[in-house]
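> Okay, here's the structure, questions in a sec.
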Amino acid sequence: MEPHRPETPHTPPPSLWPVGFAVGVAVLLLGLIVGWGIVLLGALLTVGFGFLWVRDVVEGTPTAPAAPEPPPPQGIGAAPVPARQAEAALPAMDEEEIHRYPRNVFLEGATLGLGALIGGIVTVPALGFAVLPAFVDQEPQGSDLGPLENFPEGEWRVATFLEDPEHGEVSRRTAFVRHNGDLNGVPSFTIISNRCAHLGCPTQPQGSLNEEDSEEIEVEHGTVTLIPTNPSGFTCPCHGGAYSIEGNRTAGPPVRALDRYEFSIRDGHLWIGKAYSVGEVEGEGKDARIKKYHRFYPGEHVDGIQQILYPFPAPNL
Ligand code: FES
């Protein structure tokens, strides 16, 4: 006759879902620094693995306390030993040895610990970079383009300036600058990068340059050159790329609009700030609605289905 086997309760097996969940959270946090594509990936991983983890926990919750393991047989053909005799045959164990954790508890603790470690490694530096600048004296970012009087309302200037004065002339860049008039009581500017969004050639204003009226302005960190122009758009000499007056692509191989620069007004001067990439511009001048992204290399899509091929923005632009 089959010996009677005591029914053991169902306990949840060791699971790797918590590790996946922790990795998802780490990817999500990383995405907050890198870009929205990574945030989406992290959110999907977190929700997916979180769901699987919760499902395992709910389905695997034990309904009765665990029964003790039957004593192992003493050898092949050994006669069954009565329970009381077997207990007596075991060497005496002190309280500490008897109190053991089951393996699944250990694995669960280990995976949660690993997840916390990964989350910490990703989160602490990000928080540091986010919070530390508030406690550190900072030089004003960007470059001075000179007094506002040099930018008459409604007119364009081709400006060349040092993007990073510490690196000198190698950081000289060109941008197309237009004063749009006031917006909410503050001067509004359109500042478009001349770098083609196809392969990075320098684009040109479609129209004449008034070199005779060009100005050289001395600012704190070098010289700024301003050349008046009256363009109808911008063109690229390399492969025929063409852009509208707001920098939208109108023809040729470029994959997006021309990049733009942030700006600020300080002590009556126009300062050029960080560059960013643009998917498309709707409207004009100070009423323009700009689809703004982190700065990507030329040739990289920032919107549409192709953007999934370029999850990371350019690190040093
Ligand atoms: S680099 Fe401008 S069109 Fe190719």
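> Can you work out which of the residues in segment 298-317 that are exposed (fewer than 14 other Cβ atoms within 10 Å of the Cβ) and in a loop (DSSP other than H, G, I, E, B) is farthest from the chain's Cα centre (by Cα)? Spell out how you get there, then give the answer.
The first filter runs over segment 298-317 and keeps only residues exposed (fewer than 14 other Cβ atoms within 10 Å of the Cβ), leaving 304-306, 308-309, 312, 315-316.
Applying the additional criterion that residues be in a loop (DSSP other than H, G, I, E, B) yields 304, 312, 315-316.
Values: G304: 18, F312: 7, P315: 11, N316: 14 Å.
Taking the candidates together, the pick is G304.
> Let me confirm something: among I245, I265, I227, I305, which residue is out of contact with any Lys or Arg (no Cβ under 9 Å at 6 or more places or on another chain) and within 26 Å of N180 (Cα to Cα)?
Values: I245 fails: out of contact with any Lys or Arg (no Cβ under 9 Å at 6 or more places or on another chain); I227 fails: out of contact with any Lys or Arg (no Cβ under 9 Å at 6 or more places or on another chain); I305 fails: within 26 Å of N180 (Cα to Cα).
Only one candidate passes the filter, namely I265.
> Quick one: in segment 183-209, of everything that is open to solvent by 60 Å² or more (accessible area, probe 1.4 Å) and without any contact (Cβ under 8 Å) to a residue 60 or more places away in the chain, which residue is nearest to the ligand (Cβ to nearest atom)?
Only one residue tops the list, namely P202.
> Separate question: Report every pair of residues separated by at least 6 positions or lying on different chains whose Cβ atoms are under 7 Å apart, first residue within segment 120-149 and closer than 24 Å to G268 by Cβ, second at pLDDT 70 or above and open to solvent by 100 Å² or more (accessible area, probe 1.4 Å).
Final answer for the pair search is D144/E220.
> With respect to S214, determine if the residue is under 16 Å from F151 (Cβ atoms), among the hydroxyl-bearing types (S, T, Y), within 34 Å of the chain's Cα centre (by Cα) and surrounded by fewer than 21 Cβ atoms within 10 Å (Cβ to Cβ).
Numbers: under 16 Å from F151 (Cβ atoms): yes; among the hydroxyl-bearing types (S, T, Y): yes; within 34 Å of the chain's Cα centre (by Cα): no; surrounded by fewer than 21 Cβ atoms within 10 Å (Cβ to Cβ): yes.
No; evaluated as a whole, the condition is false for this residue.
> Which of the residues belonging to segment 272-314 are more than 16 Å from the ligand (Cβ to nearest atom) and in contact with a Leu (Cβ under 7 Å, 6 or more places away or on another chain)?
Matches in segment 272-314: I272, A275, K286, R295.
> So which residues in segment 242-256 are away from the ligand (no atom under 13 Å from the Cβ) and either part of a strand (DSSP E or B) or over 18 Å from T229 (Cβ atoms) (or both), if there are any at all?
The one that is away from the ligand (no atom under 13 Å from the Cβ) and either part of a strand (DSSP E or B) or over 18 Å from T229 (Cβ atoms) (or both): N248.
The values are calculated or read from the model by the stated rules, or taken from the named source; none is laboratory data. All values derive from a computational prediction rather than experimental measurement. Because the Cβ atoms are built from the backbone with ideal geometry, glycine has one as well, and the counts that use them run over all protein chains shown. SASA here: full protein model, heavy atoms, side chains in, ligands and nucleic acids out. Shrake-Rupley method; radii C 1.70, N 1.55, O 1.52, S 1.80 Å.
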